[in-house]
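Asks: Have a look at the structure that comes next, please.
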Amino acid sequence: MLYSPFVKKNIDWAKERISELRKEIEYHNYQYYVLDDPVIGDQEYDRMFRELVELEGEYPELASPDSPVQRIGGEPQKKFQKVQHRRPMLSLANAFDEAELRAFYKRIRNLLESVEIDFVTELKIDGVAVALSYEDGVFVRGATRGNGLIGEDITANLRTIRAIPLKLRDNKKPEVVEVRGEAYLPISAFERINEERAQEGESPFANPRNAAAGALRQLNPQVTASRPLAFFAYSVGYLEGLNFRTQIQVLEQLREWGFPVNPQHRYQPSMEEVIRFCHEWESKRKSLDYQIDGIVVKVNRLDYQDRLGVVSRDPRWAISFKFPGELATTRLHEIKINVGRSGALNPYALLEPVQVGGVTIRTATLHNEDDIRRKDIREGDLVVVKRAGDVIPQVVGPVREKRTGQERPFTYPDRCPACNAAVRREPGDAMAYCTNRNCPAQVLEALKHFVSQGAMDIRGLGPQTLEKLLELELIEDPADLYFLTAEDLAKLPNFKEKSIKNLLNGIEQSKSQGFQRVLFALGVRHVGESIAELLVTDFGDIDSLAAAPEDEISSIQGVGPEIARSVHHYFQVEDNRRLIEKLKKAGLQFQVAGETLKGEGSFSGRAFVITGTLPGFSRSQAAEFIESHGGRVTSSLSSKTDFLVVGEGPGSKLKKAEELGIAPISESELKKMAITGGEETD
């Protein structure tokens, strides 16, 4: 019988009943979503849920953030706040065939100097990667992957997913843990939603992934709650208070905490078993009620993962085996050239629109000149198109037997199509480059990159606005954006008072972006977001980086000789040095935040890494303590690290510190150093 709000009960009874209902509902969520073994029907579950909603409405003082009622969805939000991930959410390198899997195995075996390597294979869910933060066992924040370093806070939307526990089960509850996984829309739910949209005259979603991403980025959580999103957890991104030895142990603990873990993951004692598993699921993928686009292969031992580390934004200890993309045949009308911000001439195909994997394809990449010649791709050809890794459209090749003789071989230009400057292709380089540093296409692409979301994130500066600013000669380079006035912007078509104010505010707010974002925004060749983070962590400020020789830059783990050469060359160019000076005058950040915000202190100029569990500090408290005394805290050891702060269970970092000659210190020694002016104590 439903509780009636008209029969007023005392608050003690209500508190006890609410607690009882919450436990019951979470128990049945666990049985349904994690164990796939429901013990009650939907009608009984709904009855309990409605009773809880009524009780919490009657006694709002008993509401709690970990209550199942939070899954209904709250008030609409005005915008999503930014969230910095405690550790980067990395991407994965891809293997497209058995040979590439074997090459991956050979690389890691050489690096580990060991033949005893085991693996875990997991289905690669085609959904939306999210990070879920728990403190003292309670869900406090959920975020999108974003650019891997900074995502968007979508906590209210993620609370609506019943498969995500609002409170961790099990007694092993860490003080802080960030769980990573994939939110997705089951195929059956996707088909039902599209049928309903068609009946209501709305356009259908292209595929389940797009529908899931759209649901999670709703400003109104009640819209998210109306779509039956599901979730699988697959890793722990950050943890305080517990240690694991293997990936299999991580997955087992995630399940114990109450997370759904994909039941198809497998322990694999050898690469041969991995390969068999990948081939098995190529044919079985269509039997699932969710989309997968490959298999994730991970080294099982976590100490091996630490030793292998990360190169650029990809972990060396994992790889994604991608299933062959879906194919379609269509007409290639014309081959065009896009000039990138580095001056690279990138060929692409204009196609007769065709559906591939639920997405309409109108353009596709052609890689480079050699690729076009090797495949003998011609304008007017009937071509086979696929979505590589189910994402990037590619031209596989021409259907030669269908040629009519009217097809036209493509001649790669020897002059830049944007500025008519000479094109140069260095020996051994796959790409040809425009030689004009002031090429308008390069300037525009560099500006688009500079203002993009992963860089300075200046809202309201789309390609058309940037083109108009260049056309009116209001700007020549990114630094000029910071000296625009309201009078300048009033010259833009359709720019009224509100638009002008918003854009000026957006430009001003971008000055607060950190050094890593600024360095990435500069567009140094080969320097993506993760490489920018490594450089910023190691050097701390732009002047130190600019003065560094190539060998010092390449000594950073994850930064190879080619990247080091590109970085060093960038700072030798007078135009680049002039741009940086203009940006400094504009007020952009060219130092790491600790040194910029904290100023001088006992640890000024010193870099620290923290490992293990400290007795008196959480990891974040220790970092705040160091930064408050002028120091810097980084996540990885390098030749620039001064001290390793060691707690209980330090792992492999202690051994690496010894190899690098970095002094290990305890928490008590750290505190003494803060008092003694940064000197080591006996």
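Please treat every number below as a calculation from the coordinates, not as lab data. As the structure is a prediction and not an experimental result, all values here were calculated from the model. Cβ placement follows ideal geometry from the backbone for every residue including glycine, while neighbour counts extend to all protein chains displayed.
Asks: Any lysines with Cα under 28 Å of the K656 Cα? List them, leaving off those in the same chain fewer than 8 positions away.
Replies: Result set, ordered by chain and number: K106, K298, K640, K671, K672.
Asks: Please identify every one of the trypsin sites (Lys or Arg not before Pro) in segment 220-327 that sits in a loop by DSSP and has no more than 15 other beta carbons within 10 Å of its own beta carbon.
Replies: R245
Asks: While we're looking at this one, here's another question. Can you tell me the Rg and the Dmax, both Å, for the Cα atoms in the chain?
Replies: Gyration radius and largest Cα-Cα distance of the chain: 27.6, 88 Å.
Asks: Oh, and also: With the cut-off at 16 Å, report for segment 435-494 the share of all Cα pairs above it, as a whole percent.
Replies: 40 percent
Asks: Same structure again: What number comes out for the charge environment of F139, summing +1 per Lys or Arg and -1 per Asp or Glu over other residues with Cβ under 10 Å away?
Replies: Every neighbour counted, the sum reads +1.
Asks: Apply the Debye scattering formula to segment 94-322, with a single equal point scatterer on each alpha-carbon and no solvent, then give log10 I(q)/I(0) at q = 0.10, 0.14, 0.15 Å⁻¹.
Replies: -0.50, -0.95, -1.07
Asks: Another one. Can you tell me the dipole magnitude for segment 94-322 around its Cα centre, using point charges on the Cβ only (Lys, Arg +1; Asp, Glu -1), in Debye to the nearest 20?
Replies: Dipole size: approximately 80 debye.
Asks: Relative to the Cα centre, what is the charge dipole magnitude of segment 515-591, using +1 at the beta carbon of each Lys and Arg, -1 at the beta carbon of each Asp and Glu, and rounding to the nearest 20 debye?
Replies: Working: 8 positive and 12 negative charges, 83 e Å.
Dipole of segment 515-591, to the nearest 20 debye: 400 debye.
Asks: Next question. Between segment 415-449 and segment 94-138, what is the separation of their alpha carbon centroids in Å?
Replies: 37 Å
Asks: Convert 25 °C to kelvin, take the viscosity as 0.890 mPa s, use the Kirkwood radius over C-alpha pairs of segment 327-424 as Rh, and evaluate the Stokes-Einstein diffusion coefficient in µm²/s, rounded to a whole number.
Replies: Working: Rh = 13.9 Å.
Answer, rounded: 176 µm²/s.
Asks: Nearest 20 debye, what's the magnitude of the dipole of the chain about its Cα centre given +1 on Lys and Arg Cβ and -1 on Asp and Glu Cβ? Write out the running numbers ahead of the final one.
Replies: Values: 90 positive and 102 negative charges, 233 e Å.
So the magnitude is around 1120 debye.
Asks: Aspartates and glutamates near K79 by alpha-carbon distance under 18 Å, same-chain residues fewer than 8 away left out - which ones?
Replies: Within the straight-line cut-off, K79 pairs with E152, D153, D457.
Asks: Please turn the phi angles of segment 199-206 into ³J(HN,Hα) values with the Karplus equation 6.51 cos²θ - 1.76 cosθ + 1.60 (θ = phi - 60°), one per residue in order, whole Hz, x for glycine and proline.
Replies: So the Karplus estimates, Gly and Pro as x, are 5, 8, x, 9, 6, x, 6, 5 Hz.
Asks: List the aspartates and glutamates whose Cα sits under 13 Å from the Cα of K172, skipping any in the same chain fewer than 8 residues away.
Replies: E135, D136, E240, E252, E256
Asks: Give the residue list of chymotrypsin sites (Phe, Trp or Tyr not before Pro) in segment 92-200 that are DSSP loop and have at most 16 other beta-carbon atoms within 10 angstrom. Don't skip to the end; give the middle numbers.
Replies: Working: sites: F96, F104, Y105, F119, Y134, F139, Y184, F190; in loops: F96.
For chymotrypsin sites (Phe, Trp or Tyr not before Pro) across segment 92-200 that sit outside H, G, I, E and B with at most 16 neighbouring Cβ atoms in 10 Å, the list reads F96.
Asks: Divide by every residue of the chain the summed helix terms, -39500 (n - 2.57) for each DSSP H run of at least 4, and state the resulting mean residue ellipticity at 222 nm, rounded to the nearest 500 deg cm²/dmol.
Replies: Mean residue ellipticity at 222 nm (helix-derived): -10500 deg cm²/dmol.
Asks: On to the next question. With just the Cα atoms of segment 128-230, tell me how far they stretch along each of the three principal axes, in Å, largest first.
Replies: 49, 29, 21
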